[in-house]
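Bear in mind these aren't lab numbers, they're just calculated from the coordinates by the rules spelled out. Everything quoted here is computed from the prediction, not taken from an experiment. Note that each Cβ is placed from the backbone with ideal geometry, even for glycine, and that neighbours are counted across all protein chains shown.
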2 protein chains.
Amino acid sequence: MKLSEIGEFALIDRLAVLARGGAGVIQGIGDDCAVLEAGAPGTVLLFTTDLLIEHVHFDRATTPARALGRKALAANLSDVAAMGGTPRFFLVNLAAPPHTPVEWVEALYAGIGERADASGAALVGGDTAASPDAIHLAIALLGECPEAEVIYRHGARPGDSIFVTGSPGESAAGLALLTAELAGGFDPGADRAAFEALKARHLDPEPRLNAGRALARARAATALIDVSDGLLADLGHVLARSGCGARVEAARVPVSPALAAAGARLGLDPLALALAGGEDYELLFTAPPGAAPEALSRLLGVAVSRIGAITPGPDRARVVDAAEKEVPILPSGFDHFRPR
Amino acid sequence: MKLSEIGEFALIDRLAVLARGGAGVIQGIGDDCAVLEAGAPGTVLLFTTDLLIEHVHFDRATTPARALGRKALAANLSDVAAMGGTPRFFLVNLAAPPHTPVEWVEALYAGIGERADASGAALVGGDTAASPDAIHLAIALLGECPEAEVIYRHGARPGDSIFVTGSPGESAAGLALLTAELAGGFDPGADRAAFEALKARHLDPEPRLNAGRALARARAATALIDVSDGLLADLGHVLARSGCGARVEAARVPVSPALAAAGARLGLDPLALALAGGEDYELLFTAPPGAAPEALSRLLGVAVSRIGAITPGPDRARVVDAAEKEVPILPSGFDHFRPR
């Protein structure tokens, strides 16, 4: 049997069998970071890693090296944000073919350095090797958080409201625009500025570190995850861990004017992009029924939309329109090993 | 300019420029692990990572998946041993082509799990993705050590003795035997058992965790490194960081009967294998002049040989024969980006 026959999540399950816990392991596989009892008293360590592979996660034709460096660290920072923590230290692994231009690697490192400086995380080591072909970049990040403030995926309760920061789907729209431009003959016309902003959202996403810390400090959320696989897929992770269902109101899912314009121009449904697009690195969280998006927005320093509510199980999300009719669930999430 | 023109160490230098230190960074790039002030009071964290890439570090034809898993974790454990620390938590990144057999990955994970159980380190997460071609495996390991017991590369002083555990060179001999067997027509004859042991030393090296801890607890070493690049190359790292030179007595470099037999059989100089072969994961350390190998061997629970002494700079090792004549320095260390 081949990996392509079992898919990525079955493979992760096999790894999870090995992760049997152990002394000091508060949370192993199953959340945005591992949570470990090895820090200063009252503080836990957060431990996470992300892979970025050429031809799989990025192409050099559409991704400048500096943006790739920024995004690689941003994806890891977002995992720490999604626990409510503060990033501290990271390692960089780079495997690149010998014919890779030195300037490309220097630009990659410069991008990583910019994100590191902005986040306060310190580069402390790494490994470098030749790759037989594709560039592989992996970052391992260590963060910390007061133990009582960590926000897990498993805390959502029926009745909680579901919130999301910013405008998910813009990253997927930006990628679609980049792809259309690469094919040639694409003229953005009057939407040039809006489309440039969408492309930047894909190439250089902003990890919501301050928002995650604010949520944790205020103990304002019952569950928290970042939107990396796609809003519905990531909500699904929260539901699976919390043992709840969800009702998402399609009309409340934020669709920015830029996202709407890109959808119209490319023939893509903006709602589908918002619900199924990945790599936004927005925060998706649940909070007790009384929480108001305006107050949360002030607390987090970023736009917050209430998109639905947690329901009693089963652990799936129903997306409904204004007439309470279910909108068909769109294919979402990305499986690395399934044939496409 | 291409990576192949500047070489691996120049590339690491470029990464080191980014590693400017920061709050809590006691030691960044430049030792076997980063040393971080983020643990319990009086305790520091040790943070390290290693890459293993198919066709570069291993081939599936010569490396069974289970041995590869054991070795991947062993290489990281050895980095923690080389600081005197205790391994605690690790993450596994695996990128594999979709056609990879599931059974191969399961065997890999089983090997990782065996080494984890034996070392007390807990698997707490990781990432998985499709690779366009070669298998890439990266482990990031977090350990800890009482701050006052950490042994760095930079503490060697003129007059210190130089010691090494076990029999370095056996891993390189094992690899040479595996390669000869793969070419076909190789009959080990009466040396079969010895050659099997050498192959096991290459495929399944033992990280010297207990020895590293014992050295640290007893504060018996002034500098410590593991032999991964090759004895002389790794001694060179100690010399560069300590600002000293070294005199290595060729006659004192341990050459086991198995290593001698493999050298004779394959037409390779056993001394060259011992001094330049890599991936032994033995410990190389310096200690004040009075230290006796027998006492150190009892303390560490493994054979210890005194191979020379630290001298005032310049920071290179001279290997001398019984007549005090310099043995030509052999090419040693492995540069991933240099054409071979």
- Message: Apply the a/c threshold of 1.5 to the C-alpha gyration tensor of the range A:40-180 and tell me whether it is rounded, prolate or oblate.
- Response: oblate
- Message: If each residue of separation counts as 0.36 nm, what is the full-extension length gain between A:A292 and A:R20 once their alpha-carbon separation is subtracted?
- Response: 94.0 nm
- Message: Let's see if you can work this out: charge +1 on each Lys and Arg Cβ, -1 on each Asp and Glu Cβ, no other charges. What is the dipole magnitude of the protein assembly as shown about its Cα centre, in debye to the nearest 20?
- Response: 860 debye
- Could you please point out the chain A residue with its Cβ nearest to the axis of the rotation taking chain A onto chain B, and the distance in whole angstrom? A:A140, 2
- Item | Relative contact order (%) - the range A:230-308, alpha-carbon pairs under 8 angstrom, separation at least six | 45 percent
- When B:S161, B:S228, A:S78 are arranged by how many other beta-carbons sit within 10 Å of their Cβ, fewest first, they go B:S161, B:S228, A:S78
- Query: Given the C-alpha centroids of the range B:97-113 and the range A:259-320, what is the distance between them in whole angstrom?
  - Reply: 37 Å
- Among rounded, prolate and oblate, which fits the range A:197-340 when a ≥ b ≥ c are the square roots of the eigenvalues of its C-alpha gyration tensor, a/c under 1.5 means rounded, and a/b larger than b/c means prolate? rounded
- Hey, what number do you get for chain B at 222 nm if only DSSP H runs of n ≥ 4 count, each worth -39500 (n - 2.57), divided across all residues, to the nearest 500? -11500 deg cm²/dmol
- Picking from B:D234, B:D204, B:D269, which is most flexible by a Gaussian network model of chain B using Cα springs under 10 Å? B:D269
- Query: Put +1 on the Cβ of every Lys and Arg and -1 on every Asp and Glu Cβ in the protein assembly as shown; which of A:A121, B:P207, B:P41 then has its Cα farthest towards the positive end of the dipole?
  - Reply: B:P41
- Assigning unit charges at the beta carbon (Lys, Arg +1; Asp, Glu -1) and nothing else, what dipole magnitude in debye, to the nearest 20, does chain B show about its Cα centre? 600 debye
- Note on the structure: In a Gaussian network model of chain A with springs linking alpha carbons closer than 10 Å, the residue among A:L46, A:L18, A:L123 that fluctuates most is A:L18
- log10 I(q)/I(0), Debye, Cα-only the range A:197-248, no solvent, q = 0.17 Å⁻¹? -0.69
- Query: Going 7 Å from the Cα of B:H55 toward and past its Cβ, which residues in the range A:1-20 have a backbone nitrogen under 16 Å from where you end up?
  - Reply: none
- Task: Tell me the distances, shortest first, between B:L182 and the same position across the other copies, using label points 7 Å along Cα→Cβ, in nm to one decimal.
- Result: 3.4
- Take the alpha carbon atoms of the range B:46-70, find their center, do the same for the range B:13-44, and report the distance between the two centers in whole angstrom. 26 Å
- On average, how many beta carbons from a partner chain sit within 10 Å of the beta carbon of a residue in A:35-42? 4
- Task: May I ask for the equivalent-ellipsoid semi-axes of chain B, computed as the square root of five times each C-alpha gyration tensor eigenvalue and listed largest first in whole Å?
- Result: 29, 27, 20
- Query: Along the three principal axes, how long is the protein assembly as shown when you take its alpha carbons, biggest first, rounded to the nearest angstrom?
  - Reply: 94, 52, 42
- Task: Fewest Cβ neighbours within 10 Å first, please rank B:K325, B:K71, B:K199 accordingly.
- Result: B:K325, B:K199, B:K71
- Message: Residue by residue through A:21-34, how many Cβ atoms from other chains fall within 10 Å of the Cβ on average?
- Response: 4
- Query: Once label points are set 7 Å from the Cα along Cα→Cβ at both A:E5 and B:E114, what is their separation, rounded to one decimal in nm?
  - Reply: 2.5 nm
- Task: Pick out which of B:P270, B:P288, B:P205 has the largest mean-square fluctuation in a Gaussian network model of chain B, springs linking Cα atoms closer than 10 Å.
- Result: B:P288
- Query: Mind listing P(r) for the range B:142-190? All alpha-carbon pairs, 10 Å bins, whole percents.
  - Reply: 17, 25, 24, 17, 17, 1
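For peptide A:6-17, what's the mean number of Cβ atoms from other chains within 10 Å of each residue's Cβ?
4
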- Query: What does the highest-first list of B:163-173, B:47-57, A:253-263 look like by mean Cβ count within 10 Å?
  - Reply: B:163-173, B:47-57, A:253-263
- Task: Rank-order B:289-296, A:298-305, B:143-150 by packing density, defined as the average count of other C-beta atoms within 10 Å over each peptide's residues, highest first.
- Result: B:143-150, A:298-305, B:289-296
- Task: Check cross-link reach from B:K71 to the lysines: straight Cα distance under 25 Å, and skip same-chain residues fewer than eight apart.
- Result: A:K2, B:K199
- Quick one: compute the contact order of the range A:127-201, relative version, from alpha carbon pairs under 8 angstrom and 6+ residues apart, as a percent. 31 percent
- Item | Shortest-first nm distances, A:E5 label point to equivalent points in other copies (7 Å, Cα→Cβ) | 4.8
- For labels at A:R247 and B:A260 in the simple 7 Å Cα→Cβ model, what's the distance in nm? 8.4 nm
